[in-house]
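Scroll down for the structure; my scribbles are underneath it.
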Amino acid sequence: MENTIASRSSDAAQQTDVELTSEKEEIKQEVASTVEHVQDAASHEDQEQNLDLHNGEVRNLDQQSQMESKETLQMLEDQNMTDNKGDLEDQELSDTVNHNGDSSHQNGVETEILVHEVQETNAQSSMIVIEEDNRSTEDQETDPQMSSENKLDKKMTTDDSSATATVKVILSPDSQVITVAFSIGKSIEHLKKYFASQMKIPEAVLTIMFEGRIVEDSETLVDLGIRPHGMIQLDMQSVDPENYPIKAMKFQHEYSMPDVITVRVQTGDKSFQDIAVEIERLNYRKPYLGGYRHKVTGVVYHHAGTQTVPKKRPEKDTVVFCRDAQTVFEKNKSQQSRNTMATQMTKIGCYVANVSDRLIQPKKYVTADEFHARRLKAVITIQTYFRRFHAIKVVQQLREERRLRLEWEEKEQLRKKKEREERLRKEYECRMNPKNKEDFELLYHALELWRKEEVDRIDQMYTGAERKAALCALLEQETHLISSIGRHKIDAGEENQQKAIQNLLNKCSEPKRWKAFDGKTTEMDTQFTIRARELRDIYNSINIKYFTRDERLDALLTLKHTVKEHNSKLTQEIVELIDREADLLMRGVQNSNLEGLRKRISTLFLQYIKTPTFNPEVARLLKVPQDSAVFRKNIYFCSSCKSYLPSTEFSLSANARTIGRCRKCSKLDNEARQREEFTKYKILLKQLKKSETDYRDDSKIAFLLQQEDLQYLVENIWGSHSALSACDDLYEIAVVRWNKYYEWSPWNCILLTKEEAAAHLKLANADQAYGIVFIQKIKHKHTLAKNYFSQIPEMAPFLHVENSDQMSTVNDLVISKPMAASLQV
């Protein structure tokens, strides 16, 4: 086989010798100018072929022939350049410099003619490669100058073993040419390993030959005389072609781009430099990500992808592709209906075992109606048991709900009972030990209820003189109780006064506080807060009753040094009183005789503390402003106590026209005459405002109402009882919205207990949930409330009249308001 290949190569060499000799002189002149153009055309065509690969187009046979022809042309150009290296270097530079547009066009035409000729001889491409390689070998043997240059190049490449070179391998016996880029510093053994892994055959089977001799595994490409970025041709054969044949590799079909290309770069005005560029191969095929075509030029643009290698999916232990799951097994089985057949019986000379025999007896024939009737009976039986099971489950669920309901009702009753007992206990405690204004209101209210009960009892039991005597005795008892309440009020006033003083001193001595961005509270003491804290400690020390004489003298001495810092009439009087008490203490006067003097000292020092000149921090806490101009604003005259008081001392209802009595006069009149208790209405108004705040719909009317307005609404409009259950315990009643989708107003509310209110607010439409009579009753109360509250100027913008009759009534009321105001003035 080797002889056959050699003979074919020699014949091809003799045939092409004459042609190459005649064209040698022409190619020498043109090769320098056409190399660059051919390489550029080859690279351009390779790029277009790579784009075609991304678009999914299949290469045709013409592209394969073009690639092989380009390899042949490249080999011819390399051989000619090697033969005339010294002569062509200057000529190539001059041709490159003097190249114009006409020569480039001519070279392009000549290149197309050469490519066309090579395509016509595509069948002999492999033989031409062998022929050119043999010819190059003969030229090297006949040209000693070239061999010396190769030796010089060999020495140069040993210094740069990391460079790569183009290796062309001819596979025998198919004569397929494979071109790869390989490092010149690696041995032939690495080259064998690469091709063995690609062709999946053992490495020991491969044999590589160069110039007719077998290359050792330890030799490198440098030892074979290859230069950096150069080209070498090797033959590869299989030792055992029957068992391990060399299969054709399709590198050239997969990648059309050559391994090494030469790029000419312009370094100056008329100077160029050739740079060898190595092409790196991708080990995966880039996906087609779509693109678009230019309508005018027709150029197709592709969407670019990233250069990151696709992430490999982790291997799973589960077998995804299974033959048993993807293969359909068909089985043919013949069946035959029952027919008459012969049987074998036991007889003399023939024994047949009857162990597996079965005795079959004919049964009653079942008709279709009987069969369906039996199935229907079975279905009815199953449904009966299932319905029984379902009924048991429903009964158990109802029983459990009833048990939970009874437990909840019992807990609610117990909770209400505890709340009622706790409220009564607090009321009893407030009556026995009254401390604030609400406690005394409750006490006077209880006194009035007791007086009315006693008057009713006397009217029923006595008449004439006996009745008058009983009423006089009742009046004496009432007077005695009122005096007792007054004594409790005096004691509570003194206690509350001391608490107020301590509260004032503590507020003055508190440091400045503010919250930082991280939520922490920062405190800071100023010179005024430190001063207020010192005065508070001195005031507390002089009011301690159980000091010894020496401790009392030390406290008085500290107070004296403190007040002597300022010279005024108040400080002089305090110093005189301190000297007088110190003199009396030195004379041995008892403490009980010094209580009045000590009280005067404490009172004067408290006045000293409340003076902003001596204690600047107290200025922001005084009720009486220090600026006299402030007194001229918001000051009104009380017609009862004949005093000028600020507006905060007057309690006004929403429909008030003029300033009436102050709070103290109203409180005194209530204690003397009506003795009403307003705590329950305060609690009811507080609950109403809280519930409206939870809606977060910017409701405003509930916050305009005063305590007197809510009292009128509850007592006069709703009769102080629930609209559903008639419960009259105001502690268990709440005023909620009638239509929860609109804001609360006196004409959009209903008085219910807390449980009824919670259930009412769960209704989607209140007008459909209740009866017609009940709804008419509620609408009537809404009309009464609208007519009354329309007199309040603040309520007028919120009125929404539903019909013309109400419109006329409200208009009359609104028009009459200016007239009423003018009459009052």
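The values are calculated or read from the model by the stated rules, or taken from the named source; none is laboratory data. This is a predicted model, so every value here is computed, not measured. As a convention, Cβ positions derive from the backbone with ideal geometry for all residues, glycine included, and neighbour counts pool all protein chains shown. SASA here: full protein model, heavy atoms, side chains in, ligands and nucleic acids out. Shrake-Rupley method; radii C 1.70, N 1.55, O 1.52, S 1.80 Å.
Evaluate the following for residue 626: is it at pLDDT below 80 and either touching a helix residue (DSSP H, G or I) at 6+ places or on another chain (Cβ under 7 Å) or within 30 Å of residue 423 (Cα to Cα) (or both)? When the stated conditions are applied, residue 626 passes them. Would you be able to say whether some residue in the stretch 562-575 is of a type in the set (Val, Ile, Thr) and closer than 18 Å to residue 596 by Cα? Yes: one or more hits.
Looking only at the stretch 457-477, count how many residues are open to solvent by less than 90 Å² (accessible area, probe 1.4 Å) and not aromatic (Phe, Trp, Tyr). Spell out how you get there, then give the answer.
Pass one, the stretch 457-477, residues open to solvent by less than 90 Å² (accessible area, probe 1.4 Å): 458-459, 462, 464-465, 467, 469-474.
Now narrow it down to the ones that are not aromatic (Phe, Trp, Tyr): 458-459, 464-465, 467, 469-474.
Looking only at that region, the number is 11.
Select, from 737, 696, the only residue that is of a type outside the set (Asp, Glu) and surrounded by fewer than 17 Cβ atoms within 10 Å (Cβ to Cβ). Don't jump to the end; show me each part of the working.
Working: 737 fails: surrounded by fewer than 17 Cβ atoms within 10 Å (Cβ to Cβ).
696 is the lone residue from the list that is of a type outside the set (Asp, Glu) and surrounded by fewer than 17 Cβ atoms within 10 Å (Cβ to Cβ).
Whether a residue is open to solvent by 80 Å² or more (accessible area, probe 1.4 Å) and either touching a residue at least 12 places away in the same chain (Cβ under 8 Å) or out of contact with any helix residue (DSSP H, G or I) (no Cβ under 7 Å at 6 or more places or on another chain) (or both) was assessed, and residue 423 does not pass this test. Applying the condition of being open to solvent by 10 Å² or more (accessible area, probe 1.4 Å) and touching a strand residue (DSSP E or B) at 6+ places or on another chain (Cβ under 9 Å) to the stretch 740-757 and asking which residue is nearest to residue 776 (Cα to Cα) yields 748. Taking every residue in the stretch 496-515 that is under 14 Å from residue 531 (Cβ atoms) and pairing it with any residue that is assigned to a loop (DSSP other than H, G, I, E, B), at least 6 positions away or on another chain, the pairs with Cβ-Cβ distances below 6 Å are 511/525. Given the criteria on the phi < 0 side of the Ramachandran plot and not in a helix (DSSP H, G or I), does residue 491 qualify? Against the criterion (on the phi < 0 side of the Ramachandran plot and not in a helix (DSSP H, G or I)), residue 491 does not qualify.
In the stretch 711-754, the qualifying residues are those that are in a loop (DSSP other than H, G, I, E, B) and of a type in the set (Asp, Glu), and the one that is farthest from the chain's Cα centre (by Cα) is 728.
Say whether the condition of being assigned to a helix (DSSP H, G or I) and closer than 19 Å to residue 733 by Cβ is met by at least one residue in the stretch 385-406. Spell out the reasoning first.
Pass one, the stretch 385-406, residues assigned to a helix (DSSP H, G or I): 385-406.
Now drop any that are not closer than 19 Å to residue 733 by Cβ, which leaves none.
Checked against the condition, which is being assigned to a helix (DSSP H, G or I) and closer than 19 Å to residue 733 by Cβ, the stretch 385-406 yields no hits at all.
For residue 690, the criteria (1) assigned to a helix (DSSP H, G or I); (2) under 30 Å from residue 452 (Cα atoms) hold in every case but one, which is (2).
I need the full set of residues from the stretch 705-721 which are of a type in the set (Asp, Glu) and either in contact with an Asp or Glu (Cβ under 9 Å, 6 or more places away or on another chain) or open to solvent by 10 Å² or more (accessible area, probe 1.4 Å) (or both), in order please. Outline the logic, then answer.
Step one: of the stretch 705-721, the residues of a type in the set (Asp, Glu) are 708-709, 715.
Answer for the stretch 705-721, where residues must be of a type in the set (Asp, Glu) and either in contact with an Asp or Glu (Cβ under 9 Å, 6 or more places away or on another chain) or open to solvent by 10 Å² or more (accessible area, probe 1.4 Å) (or both): 708, 715.
Among the residues of the stretch 559-572, the ones that are within 19 Å of residue 543 (Cβ to Cβ) and open to solvent by 70 Å² or more (accessible area, probe 1.4 Å) come to 1 in all. For the stretch 347-360, the condition holds for at least one residue, the condition being that it is modelled with pLDDT of 70 or more and part of a strand (DSSP E or B).
Being at pLDDT below 90, closer than 30 Å to residue 741 by Cα and not in a strand (DSSP E or B) is a description that does not apply to residue 666.
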